[in-house]
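See below for the structure under consideration.
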Amino acid sequence: MKNTYLAGAAALALAAGTAYADGHLAFAPGSGDFSWDSYEALKSMDLSGETVSVFGPWLGPDKELVESVIAYFEEATGANVEYSGSDSFEQQIRIDTEAGSPPNVAVFPQPGLAADLAAKGLLVPLADGTADWVRENYAAGQSWVDLGTYADENGADQLYGFFYKVDVKSLVWYSPENFEDAGYDVPETMEDLKALTDQIVADGETPWCIGLGSGGATGWPATDWVEDLMLRTQSPADYDAWVANDLKFTDPKVVGAIEEFGAFARNDAYVAGGAGAVASTDFRDAPKGLFASPPQCYMHRQASFIPAFFPEGTVVGEDADFFYFPAYAGKDLGKPVLGAGTLFAITKDSKGTRAFMEYLQSEIAHEIWMAQKGFLTPHNGVNTGVFTDPTVAKMNDILLNADTFRFDGSDLMPGAIGAGVFWTGMVDYAGGKDAAAVAADIQSTWDNLN
Amino acid sequence: MEQLLYASATIIVGVFGCVAYFYGSNLLLDVALPPRGEKAGRNINLSNMIRPWLFLGPAVALLGLYLVYPVIRSIDLSFRDASGDAWVGLDNYRWMLSDAKFYESLINNFWWLIVVPAASTFFGLIAATLTDRIKWGNLAKSLIFMPMAISFVGASVIWKFVYDYRGTGGDEIGIINAILVGLGGQPQAWITLEPWNSFFLMIILIWIQTGFAMVILSAALRGIPEETIEASILDGANPWQIFWKIKVPQIWGTIAVVWTTITILVLKVFDIVLAMTNGQWGSQVLANLMFDWMFRAGDFGRASTVALVIMVLVTPIMVWNIRNARREMV
Amino acid sequence: MDNIAGQKSALGWAVNIAVVALVLLWTIPTIGLLVSSFRDRDQISTTGWWRALTASEQNVIVRSAPPDAQVAEGDLWVIAGNIFEDGEGEVTAFGVTSRAPTALTPGTVGEMSKDRTMTVDASGNYRITSPVEFSGSRGTRIFATTLTPPQFTLANYDRVLFSEGIFRSFINTFTVTIPATVIPILIAAFAAYALAWMEFPGRALLIAAVVGLLVVPLQMALIPLLKLHNQIGIGKDYLGIWLAHTGFGLPLAIYLLRNYIAGLPREIIESARVDGATDFEIFRRIILPLSFPALASFAIFQFLWVWNDLLVATVFLGNNEEQLVMTGRLRELLGSRGGDWEILAASAFVSIAVPLVVFFTMQRYLVRGLLAGSVKGG
């Protein structure tokens, strides 16, 4: 008999997969539904003696996962790939590229930063034909090409970034059994979601858990909310204009989206702990309210990575599930999806580096990670049968079937905005400051950027 | 094993090389200009002129390279644009003077400069004095010193468990709120509570730096000649008088050194603010503002301008130290 | 006489109590981290650390055994078991729905939907019945308020201490730390002596410069210096990081040591000079031994700073196996999005061990009172 403690109690289960780190392959070649022919094709290259250094933001379990993907490349080609991760990636990569000792490949969580480095001539353009490949093989291929294309130091547009691993952000997490106990249904439209929110309050419970705390990055979860609501109240064209600063923060459309977020986060009855707790609650602690007894809240809007912070032993799909953060039925905007992704770019060229970037296009490079956990991809050539987790497959469907897919706007804005005043402004707003005043502050910083 | 050998070898080479320089260069000077023979007088004068620079040489070279050179570069960058290429004149300074966050940081830095050095030195002096009088003093010293030895990431988690706030209805995991709720009060989101949150952040630095002050001041207190204290005991002075009238004046120089050092550290403080609030809720400080512009925004021009302000703020301390040094030399 | 003795012991008490209070204030936050390092992640983020020390009442959700474990009893299907993994604990209340998780007293029977019933007794035994066969793959949720004894785990330390490559990193850290502590002390001691006791033009200016350089923000120096290292061919290696730590540590070292050395009694140095000793001899025979407390205290600080440093190490040293330091290795254990407080807590105590040993060793030199003795003798 095996009991699962959802709250409390010691569990010894450690992050799975420590065995991958020492070079063993996670899945034996030839087994399962993987596209092994793409693995066999790699063997034609002999890269023994080549070393490729990869530097990215992934640590801990994520580091083990990316290393499990790298292991196949090393096994097939004989190359040596050294991945290292850092929690201050943004800072490190700037220093290393500026000073002239960059890694071969950098994994950027934000396109904005990559664009910055490209403009300084610190990135190497991807091989010719990569853009065509992405257009053909990625769902909404052109948009991924656009997101990875930046001006070089001479102002000419080049493709620098190859997207690998995508997150879907428009998700609302909940406990199906708590919904069942209370008799709630999953809402299909934003109108239903708001009605459900009010109903939960009328039942004497608290509908939402929201936490904006994230140490030095406090405020970012709020920017996701605003972006998601922007996509649900305004056209994709307006969203793009906003990200490019053609539509100002002070525009009523943007202020309106901020106030939509406020309707959820600034209502004491709507959020666990009251509106005053929103800004200081850590985003990693926030989802735990779903699983408390009695529940502290019933819904939590957060990206696809958040199950990593669910209590030990939580089974996604059973103890916890998600639904699409719905769109307004009354607005004709389709089903927009907000997402983000990491992009690989070459910071120092070499033969092995080129081969490694090419490996990332192969089906097997996607499937190995997919078959483990937390990996979504727009690659439509992969065998989705390898998803071991039905919920991840469900997320991937949301991604592939979106009417509109838009990249996290704050990651595209200049760093001083998207990783600066947009965060701090939203914290001020959550703390009670007026939306128009917050928007004016953000806009004035943007106007004054060098 | 190989790594161990390599490590020991590099350690020995590094340290030995350093000793060899000082020993060798001084020996060379003595051989080249012997303080004997017919030219003894001239040689002594000459070597007296050269020797300070043998002593100072490595220090001056390293300081010049690792600190002076970046300062000069910062001055240059502060007149340039974000990428450090185009000359923009005083634009960065104009931006700074119109930036509300800059003024907020300046005011917060002012409070940090007043509170932290004073409190750390005060608690450090108390700790140093009291622990010298008790049997388990060394243990007490080690415990008060421990915050200095904890890595910064560790410290930031420690203080999360102190200030954490779970909102109404939650089970508090921050000890201050837990005590407050236990006493029937309302929990508070301490780090968002303007303007007091800056002071809560200062407490963290005081907690860390008291150990520093204690160690230095304790060494100085031990250096006070026994006779002085014995004499005053015979004169009938009580412990209070001995402390304020005898001990404190004797170690006044050391107190000033500790105060100066912590003051300068405060000017540079940014990791506490970055980790706890990221300068939000009105708690921004200059060093974190600089860090933001440098690594978040990638604007080297503005970052350098803020850095120069930090460096200019140290001028009064420099002037004061020069005057002290001059006085000693007379 | 009695009176004085009485005063003395009263004072002794007061001092002891004051130190106890001070020590408590300074250590309680750290104790929180120490206790947390023995708890798992869920415990850390759901209850305060002080609750770990005593049996605590908690609302937990436990899943019953899965439907495979059901047995038929007459016309009822039954799943039974105990909610405590190790059989220890006490149930004070239970419930059958998340809406009323504490509604029932142990031993009573709760009605569930579809004519099912559930009962939980005080020792944690549960029994769920249903008129029809249970289906599905997962057990039913049992809501219980339990009184559980304190629970601690060594899993965090296990992960930190036995993580791959940690020993290598430990050695790497020593390779960085020892020269990066000794070299600046040596260089600074010579410079401090020159600034304190040698006559030469520009002395006051140099002292001021040292104070001024104390304030240079490290961040401003990283890019130009790494660029320089790359250009002159040092690249990212141990030599580079020793030089960097030496450069960054020198102003404080010179400042502290100069102040101490300048305070040494003039007579000793003058009389040595009269005896014909050269400056190098004076430094070696007199200044160095007399400055031990100051050298030791600076050594402690420089050692701590280098030991706990991550920024300078990641910039000036590579991230590969041969060069990754402890702080970098421990960082790799954390998740990409932070929040692994249990690992942070355990690694903080793993990495504090060596600095504390250094502190204890050096403390001997701090308290010798060398100066007082020598003045008497001299």
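The values are calculated or read from the model by the stated rules, or taken from the named source; none is laboratory data. Here the structure is a predicted model, which is why all the values come from computation and not from measurement. Positions of Cβ are backbone-derived with ideal geometry, glycine not excepted, and every protein chain shown enters the neighbour counts.
The table for this structure:
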| read-out | value |
| --- | --- |
| Residue check, A:A292 within 14 Å of chain B (Cβ to nearest Cβ) and not aromatic (F, W, Y) | yes |
| Selected residue (only one of B:R326, B:R222, B:R296, B:R302 is at pLDDT below 85, within 13 Å of chain A (Cβ to nearest Cβ) and in contact with a helix residue (DSSP H, G or I) (Cβ under 8 Å, 6 or more places away or on another chain)) | B:R296 |
| Counted residues, the stretch B:149-177 - those being among the charged types (D, E, K, R), surrounded by fewer than 22 Cβ atoms within 10 Å (Cβ to Cβ) and within 9 Å of chain A (Cβ to nearest Cβ) | 1 |
| Identity of the residue in the stretch B:76-119, under 16 Å from B:D292 (Cα atoms) and without any contact (Cβ under 8 Å) to a residue 60 or more places away in the chain, that ends up surrounded by the fewest Cβ atoms within 10 Å (Cβ to Cβ) | B:A100 |
| Checklist (1) crowded, with 20+ Cβ neighbours inside 10 Å; (2) under 30 Å from A:P295 (Cα atoms); (3) under 21 Å from the mean Cα position of the chain (by Cα) applied to A:D319, failing item | (3) |
| Single match in A:D96, A:D87 (criterion: on the phi < 0 side of the Ramachandran plot, charged (D, E, K, R), modelled with pLDDT under 85 and out of contact with any strand residue (DSSP E or B) (no Cβ under 6 Å at 6 or more places or on another chain)) | A:D87 |
| Residues satisfying the stated conditions in the stretch C:184-235, i.e. farther than 15 Å from C:T246 by Cβ, among the hydrophobic types (A, V, I, L, M, F, W, C) and more than 7 Å from every other protein chain (Cβ to nearest Cβ) | C:L195, C:A196, C:W197, C:L205, C:L206, C:A209, C:I232 |
| Members of the stretch A:168-194 that are in a helix (DSSP H, G or I) and polar (S, T, N, Q) | A:N178 |
| Sole residue being within 14 Å of chain C (Cβ to nearest Cβ) and among the hydrophobic types (A, V, I, L, M, F, W, C), chosen from B:A86, B:A61, B:A118 | B:A61 |
| All strands (runs of 3 or more DSSP E) inside the stretch C:97-150 with 1 or more residues being surrounded by 16 or more Cβ atoms within 10 Å (Cβ to Cβ) and more than 41 Å from the chain's Cα centre (by Cα) | C:109-111, C:117-120, C:125-130 |
| B:R302 being in contact (Cβ under 8 Å) with a residue 12 or more places away in the chain and among the basic types (K, R) | yes |
| Any hit, the stretch A:337-353, residues being among the basic types (K, R), touching a Pro at 6+ places or on another chain (Cβ under 7 Å) and closer than 25 Å to A:F162 by Cα | yes |
| Counted residues, the stretch C:272-290 - those being free of Cβ contacts under 8 Å to residues at least 24 places away in the same chain, surrounded by fewer than 17 Cβ atoms within 10 Å (Cβ to Cβ) and part of a helix (DSSP H, G or I) | 5 |
| Condition check for A:S304: within 21 Å of A:K169 (Cα to Cα), among the small types (G, A, S) and touching a residue at least 12 places away in the same chain (Cβ under 8 Å) | yes |
| Out of B:M96, B:M146, sole residue that is under 28 Å from the mean Cα position of the chain (by Cα) and away from chain A (no Cβ under 14 Å) | B:M146 |
| Residue in the stretch A:250-262 that is under 26 Å from C:P101 (Cα atoms), assigned by TED's automatic domain parsing to the domain that holds A:I417 and in a loop (DSSP other than H, G, I, E, B) present | no |
| Residue in the stretch B:27-40 that is β-branched (V, I, T), within 11 Å of chain C (Cβ to nearest Cβ) and surrounded by fewer than 16 Cβ atoms within 10 Å (Cβ to Cβ) present | no |
| Residues (surrounded by fewer than 23 Cβ atoms within 10 Å (Cβ to Cβ) and under 30 Å from A:T206 (Cα atoms)) located in the stretch A:147-168 | A:D167 |
| Wholly enclosed strands (runs of 3 or more DSSP E) of the stretch A:54-167 bearing at least 3 residues in contact with a helix residue (DSSP H, G or I) (Cβ under 9 Å, 6 or more places away or on another chain) and of a type in the set (V, I, T) | none |
| B:A256 being surrounded by fewer than 24 Cβ atoms within 10 Å (Cβ to Cβ) and in contact (Cβ under 8 Å) with a residue 24 or more places away in the chain | yes |
| Leading residue by the ranking (farthest from A:F310 (Cα to Cα)) among those in the stretch C:331-357 that are among the small types (G, A, S) and more than 7 Å from every other protein chain (Cβ to nearest Cβ) | C:A353 |
| Meets criteria (within 14 Å of chain B (Cβ to nearest Cβ) and not basic (K, R)) for C:M118 | no |
| Qualifying position, being within 23 Å of B:S120 (Cβ to Cβ), away from chain A (no Cβ under 14 Å) and either in contact (Cβ under 8 Å) with a residue 24 or more places away in the chain or surrounded by fewer than 22 Cβ atoms within 10 Å (Cβ to Cβ) (or both), among B:V319, B:V285, B:V273, B:V309 | B:V319 |
| Residues (modelled with pLDDT under 85 and either surrounded by fewer than 22 Cβ atoms within 10 Å (Cβ to Cβ) or outside the structural domain of C:F190 (by TED's automatic domain parsing) (or both)) located in the stretch C:297-309 | none |
| Within the stretch B:149-234, helices (runs of 4 or more DSSP H) holding 2 or more residues that are over 29 Å from the mean Cα position of the chain (by Cα) and over 23 Å from B:Q284 (Cα atoms) | B:175-182, B:226-234 |
| Out of A:T404, A:T377, A:T445, sole residue that is of a type in the set (S, T, N, Q), buried (at least 21 other Cβ atoms within 10 Å of the Cβ) and more than 30 Å from A:E64 (Cβ to Cβ) | A:T445 |
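Matching residues to (1) assigned by TED's automatic domain parsing to the domain that holds C:D279; (2) at positive phi; (3) buried (at least 22 other Cβ atoms within 10 Å of the Cβ); (4) without any contact (Cβ under 8 Å) to a residue 24 or more places away in the chain:
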{"site": "C:Y193", "(1), (2), (3), (4)": "yes, no, yes, no"}
{"site": "C:P201", "(1), (2), (3), (4)": "yes, no, no, yes"}
{"site": "C:M220", "(1), (2), (3), (4)": "yes, no, yes, yes"}
{"site": "C:I223", "(1), (2), (3), (4)": "yes, no, yes, yes"}
{"site": "C:L239", "(1), (2), (3), (4)": "yes, no, no, yes"}
{"site": "C:I254", "(1), (2), (3), (4)": "yes, no, yes, no"}
{"site": "C:A262", "(1), (2), (3), (4)": "yes, no, no, no"}
